[in-house]
Every structure is written in C-alpha cells, then in structure tokens.
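Trainee: Here's a structure for you.
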Amino acid sequence: MSMTDPIADLLTRIRNAVHAKKPVVDIPRSNVKREIIRILKDEKYIRDYTDIDDTKQGILRVHLNYARGDQAVVKGIQRVSRPGLRQYMGSDDVRQSTFSLRGVAILSTSSGVMTNHEAAQRGVGGEVLCRVW
C-alpha cells in the first residue's frame with residue numbers, strides 16, 4: 001500500500017516518539033525528509049540524525065533532543081500544507097510570519113527547503129510544509 005503523505009508520516013513518527021520519550025526514531029529516507037530533519041537539527045529541535053543504508057530506500061535515524069532529563073525540546077509539530085489542500089506563502093507573508101509565528105515554519109521554495117527566517121532573508125516564498133515549536 002502506498003503512502004499518500006510521507007511528510008505527515010515523518011512528523012507523526014517524531015511526535016509519537018517525543019510523547020513516548022524515546023531517544024531515537026527511525027524514518028524511511030527521502031531527500032525532502034532529510035532536508036526537514038537537517039533544519040530541525042540546525043534549529044536544535046533534534047540532537048542529531050544518521051543516514052543508514054539498507055537494501056530498500058534507506059533509513060534516517062533521528063536522535064531526539066531532551067532538556068533537563070525528560071523535557072522534550074519539541075513542544076509541538078504540525079503539518080500545514082497537505083496533499084488535499086496546499087498552503088503557500090508569498091515573500092511578503094513570509095516576512096510577516098517571522099514576527100508572528102511561535103517557533104519556525106519549514107517551507108519548500110524554488111531555492112530549496114528552508115525555514116521562514118531564511119526565506120525572509122532571501123526574499124522568497126513557497127509551500128509551507130510544517131510548523132515546529
């Protein structure tokens with residue numbers, strides 16, 4: 001059976017692992033997922049990730065970040081744009097979102113996958129994949 005929304009699956013796996021206080025979570029690999037996880041690492045929402053090769057598509061092993069023992073750094077993670085309803089932000093909306101959003105929004109732009117802060121600096125808009133706080 002094929003998966004209709006692999007990004008929502010990624011976010012759900014991270015959300016469930018955080019609620020279960022797991023130290024690591026394994027996610028099927030894709031280039032977009034790798035970029036989203038790279039951004040989460042750069043923004044210090046996760047501690048690290050490892051790219052594991054297997055006989056199929058590969059696995060991303062995500063090491064979750066906890067503060068003061070068992071207090072998760074990721075308070076919330078939400079899918080914004082979805083296959084049934086795409087959500088886009090123009091460059092003006094991206095600049096305004098840097099002041100009004102709690103946490104970061106991850107966008108897929110013509111210049112690659114980046115946070116709303118990076119997109120505002122570059123003056124580009126794009127599809128809002130998710131929000132993390």
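Trainee: Mind listing the long-range amide H neighbours of A72? Cut-off is under 5 Å, sequence gap 5 or more, other chains count too, H placed in the peptide plane at 1.01 Å from N.
Mentor: So A72 has HN proximity to A67.
Trainee: Count charges around T12 for me, please; just the other residues with Cβ under 14 Å from its Cβ, Lys/Arg as +1, Asp/Glu as -1. The partial results should precede the final answer.
Mentor: Working: positive: R13, R15, K22, K33, R79, R82; negative: D5, D9, D26.
Value of the local net charge: +3.
Trainee: Still on this structure, please answer the following. Using a simple spin-label model with points 7 Å from Cα along the Cα→Cβ vector, what separation in nm is obtained for W133 and Q96?
Mentor: Placing both labels 7 Å along Cα→Cβ, they lie 1.8 nm apart.
Trainee: Pick from G84, G58, G103 the residue whose mean-square fluctuation is largest in a GNM of the chain, springs joining Cα atoms under 10 Å.
Mentor: G84
Trainee: Which ³J(HN,Hα) values, rounded to whole Hz and listed in residue order, are derived for the stretch 119-130 from phi using the Karplus coefficients 6.51, -1.76 and 1.60 in 6.51 cos²θ - 1.76 cosθ + 1.60 with θ = phi - 60°, glycine and proline given as x?
Mentor: 5, 5, 5, 7, x, 10, x, x, 7, 7, 6, 7
Trainee: With a ≥ b ≥ c the root eigenvalues of the C-alpha gyration tensor of the stretch 78-133, is it rounded (a/c under 1.5), prolate (a/b larger than b/c) or oblate? Could you put the intermediate results ahead of the total?
Mentor: Details: a/c = 1.65, a/b = 1.19, b/c = 1.38.
Oblate.
Trainee: A follow-up question, please. With the chain treated as a Gaussian network of Cα nodes joined by springs under 10 Å, which of D48, D92, D26 yields the largest mean-square fluctuation?
Mentor: Looking only at D48, D92, D26, the biggest GNM fluctuation is shown by D92.
Trainee: Explain nothing, just the number: relative contact order of the stretch 34-133, from Cα pairs under 8 Å at least 6 residues apart, as a whole percent. Don't jump to the answer; show the numbers that get you there.
Mentor: On the way: 168 pairs, mean separation 26.3, N = 100.
Relative contact order for the stretch 34-133 comes out at 26 percent.
Trainee: Further, regarding this structure: What does the helix-only formula give at 222 nm for the chain: each DSSP H stretch with n ≥ 4 adding -39500 (n - 2.57), the total divided by the residues, and the result rounded to the nearest 500 deg cm²/dmol? Display every interim value, and only then the final one.
Mentor: Numbers: 4 runs with 43 residues, N = 133.
The helix contribution divided over the chain gives -9500 deg cm²/dmol.
Trainee: Would you mind checking the tilt of helix 6-19 against the longest principal axis of the Cα atoms of the chain, expressed as 0 to 90 degrees and rounded to 10?
Mentor: Roughly 60 degrees between the two axes.
Trainee: At R0 = 25 Å, how high is the FRET efficiency between Q87 and K44 if r is their beta carbon distance? Nearest 0.05 is fine. Mind showing how you got there, number by number?
Mentor: Working: r = 25 Å, r/R0 = 1.01.
Efficiency computed from Cβ-Cβ geometry: 0.50.
Trainee: What is the spin-label model distance, in nm, from R34 to M3 if the labels are put 7 Å beyond Cα along the C-beta direction?
Mentor: Taking the two extended label points, one gets 1.6 nm.
Just so you know, all these numbers are worked out from the coordinates, no wet-lab data involved. What you see is a predicted model; the values in this text were computed from it and never measured. Here the Cβ is made from the backbone with ideal geometry for all residues, glycine too, and neighbour counts use every protein chain on show.
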